[in-house]
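Notes to accompany the following structure.
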Amino acid sequence: MKRIFTSFLALFLASSAAFAQKQSVNSSDGFELKAQNVKIPVVTQAAGERYFGYADADVADIAYVGTGRPMVIAEAIKISAMGGNQLKKIRFNSGQEVDGTIFVLSASTNQLKYVEKLAVKKGWNDVALSTPFTMANNEEYYIGYQVNAAADPRPLAFDNKVDQTAPGANVIIFSNGLFDMATPLVGRDALLDLDAAGLNFGNAMIFLEIDDKVSALDNVAYVTKLSLISSGDLAPNTEAKIKATVRNVGFKPLTSLTFTTKRSAKSPEVEQKIGGLNIAKASTAEVELKINTVARGIALASAKLVKANGKPSWFSNQPLLPYRVVTPNGEAKRTTMLIERFTTEKCPNCPRVDQPLAEMTQQLQGFGIDVSFIAHHSGYHTDFLTVNESIELLPYAFNKQNRTYAPAFMFNRFPSLDPTKDNGAELASLETMEERANAALASPEPVQFSRYAKVEKDGKVALEVEGVTGYVDLDNLYLTAVITEDGITAKSQAGAPAGYIHDGAARVFMTPALGKMITPNADGSFKITTDAVEIDSEWKTEKMKIVFFVHKNMASPLINQRQVYSSKTMAFNNSGSAEQLLGAQAPRIYAHDGYLVVDADVSELAIYDLAGRLVGKSADRKLAKGVYVVKVTNTYGTFTQKVIVD
């Protein structure tokens, strides 16, 4: 049974930045790499031998790879960071008996570090270096063999196990002649990283005997694949299980592994350690990891193996896993977050939460969440920035009688999941802030704003808001609008040095403290205008914002009837418009490492090439380099955008 892998060499050379193209190896040749399965005798390691390699040394059915024409060609494997170790022998398998070389090439400088000519035998070759090669610190090397292939050659041996290939560790080099130390490599040869080129023949049948003075080869492993264990559609902001397939190529069994995982390309890393393992040398096993899904759209999860048996792993690939989140019941996924902070200048602990609040806000924004912020200067004391409406909120924000806090927060006015805690505003520990934020993000967002505009008349300012509703109680719908100001210098903030700055301070409410009731139309759409308010001449309008949000009745005795449906912030000196809002709702579509990412709700996806041919309807496979037209359909409409994959 013959299996063929093909790709035009011109594409290989165009993608190689490290090596220049040579005229004798170019697109006019038009040849292809091909692989054919062949039975070979198995060579096992003798007692006391320590040969390092990525391939399955015991495999009997291998793939011999070549171009089918006479050519000087080489294969090599990449190893890393083993300063002080000595390379003593190279064991490899060749499909032909020809002249050749063994070599060591610096992966960073493209300089040959060692070359030795030899007569290559067909089948297994065991070659001792005339002079052991000592590796440098913090250096990566390509180590392998080169052959002057004869007619119709398939000289390069791979183990044919495509499901356990070491990512980025197998290369083929096309040459104009056999290597020698006197001739520079750059400008004469072309190197092809098989992984980057999308070719997979398994791992090169190359094994290295290394005097491992620094014990770098005891604990070496890599991730071959990531896959979802969770079945069906994934919900936003929920735990999902991931299966990582790990191959042990070190000399010791793996008893523990440490990973850093990311739920999206731009999210922070989370460390996960797995113990109680027993993964034997040259074997593969599966381990379970967990991520919290994103709030919306198509994202790329990843897992990076950073430690094996508690030791740093010098082989650290980071495979990607595309996934999509879907909101139940057809409701729009959460895209906004309202953070209400309770603070006061008489609170010495309040300044301490500035940093975790800033970090949480940045993280939410990194996930595509539109964050609105209001600082209520109330709590257990008042100060020069306190407004009456912030005080009116206290009995509803803090549900335990006669108890208020500062610093404290509400996230979309969402109740705590722990009945033993206060069900309104939470004390500002990072743990409770994250718990409340995650709970709030998990709720749907059934209200969307279609238009908003500031209206000025007779020296006063009002706000007009229009929108549409989904699954909401139309008899329990309210709008609150607040004008806030940033950059206000404190008068005497406890726990902070002079010059402390207040941001997001509520200056004036444009509605009653508990909101102005909305009366929707029969189709669920609504239009409402706030009260007109005066602006103090001492306020700095360039630092002011209008924060508005649609919510349930804050005065309801039922805690789960107080949540915020949707929120928005506009600069005080700008007016919103339908066009501005549609731009904000348009999906952000881009490519990351060849995969498509859509930062928006996605109900349908179509990917076309520039000729109009349909390439795919999902983001679960890597795209070839090029320009694509991507069409995304969601609750806001259909959006089309060009995307460049490079």
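Throughout, read-outs are computed from the coordinates displayed, never taken from laboratory work. These figures come from a predicted structure and were not determined experimentally. Note that each Cβ is placed from the backbone with ideal geometry, even for glycine, and that neighbours are counted across all protein chains shown.
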Taking 0.36 nm per residue of separation and subtracting the Cα-Cα distance, what length does fully extending Thr109 through Val629 add? 183.4 nm
Under a cut-off of 14 Å between alpha-carbon atoms, report the aspartates and glutamates in cross-link reach of Lys543, not counting same-chain residues fewer than 8 places apart. Glu485, Asp486, Asp503
Filtered trypsin sites (Lys or Arg not before Pro), the range 194-273: DSSP coil and at most 13 other beta carbons within 10 Å: Lys213
Thr489: net charge of surrounding residues, Cβ under 14 Å, Lys/Arg +1, Asp/Glu -1, itself excluded? -3
The set of residues whose placed amide H lies less than 5 Å from the amide H of Lys516, leaving out same-chain residues fewer than 5 positions away, is Leu479, Thr480
Long-range amide H partners of Asp99, meaning residues 5 or more apart or on another chain whose placed amide H is closer than 5 Å, are Val120, Asn148
Stretched fully, the stretch from Arg69 through Ile229 gains (0.36 nm per residue minus C-alpha distance, one decimal, in nm) 53.1 nm
Plugging the Cβ-Cβ distance of Asp211 and Ala265 into 1/(1 + (r/R0)^6) at R0 = 35 Å yields, to the nearest 0.05, a FRET efficiency of 0.30
For the cross-link pairs Lys454/Lys540; Lys457/Lys491; Lys78/Lys311; Lys78/Lys290; Lys457/Lys545; Lys281/Lys311, which exceed 23 Å when the distance is taken from alpha carbon to alpha carbon? Lys457/Lys491; Lys78/Lys290
Scoring only Lys, Arg, Asp and Glu (+1, +1, -1, -1) among other residues with Cβ under 10 Å from the Cβ of Ala375 yields -3
Where in the range 381-397 is the amide nitrogen less than 14 Å from a point lying 7 Å along the Cα-to-Cβ axis of Ala555? 392-397
If r is the Cβ-Cβ distance from Glu456 to Lys311 and R0 is 45 Å, what FRET efficiency results, to the nearest 0.05? 0.10
Tell me whether the range 587-645 comes out rounded, prolate or oblate; compute the Cα gyration tensor, take square roots of the eigenvalues as a ≥ b ≥ c, and use a/c under 1.5 as the rounded threshold. prolate
Using θ = phi - 60° and the Karplus curve 6.51 cos²θ - 1.76 cosθ + 1.60, what whole-Hz ³J(HN,Hα) does each residue of the range 105-110 get, with Gly and Pro shown as x? 10, 5, 6, 8, 10, 6
Could you list log10 I(q)/I(0) for the range 106-219 at q = 0.11, 0.13, 0.20 Å⁻¹, which the Debye formula gives when each Cα is one point scatterer? -0.41, -0.59, -1.55
Output ordering of 69-80, 250-261 (per-residue mean of other Cβ within 10 Å, highest first) is 69-80, 250-261
Write down, largest first, the equivalent ellipsoid semi-axes of the range 221-326 in whole Å, where each equals the square root of 5 times an eigenvalue of the alpha-carbon gyration tensor. 26, 13, 11
Note the full-extension length gain between Asn476 and Thr640 as 0.36 nm times their separation in residues minus their Cα-Cα distance, in nm to one decimal. 55.4 nm
Partner aspartates and glutamates for Lys346 [C-alpha distance under 14 Å; skip if fewer than 8 residues away on the same chain]: Asp383
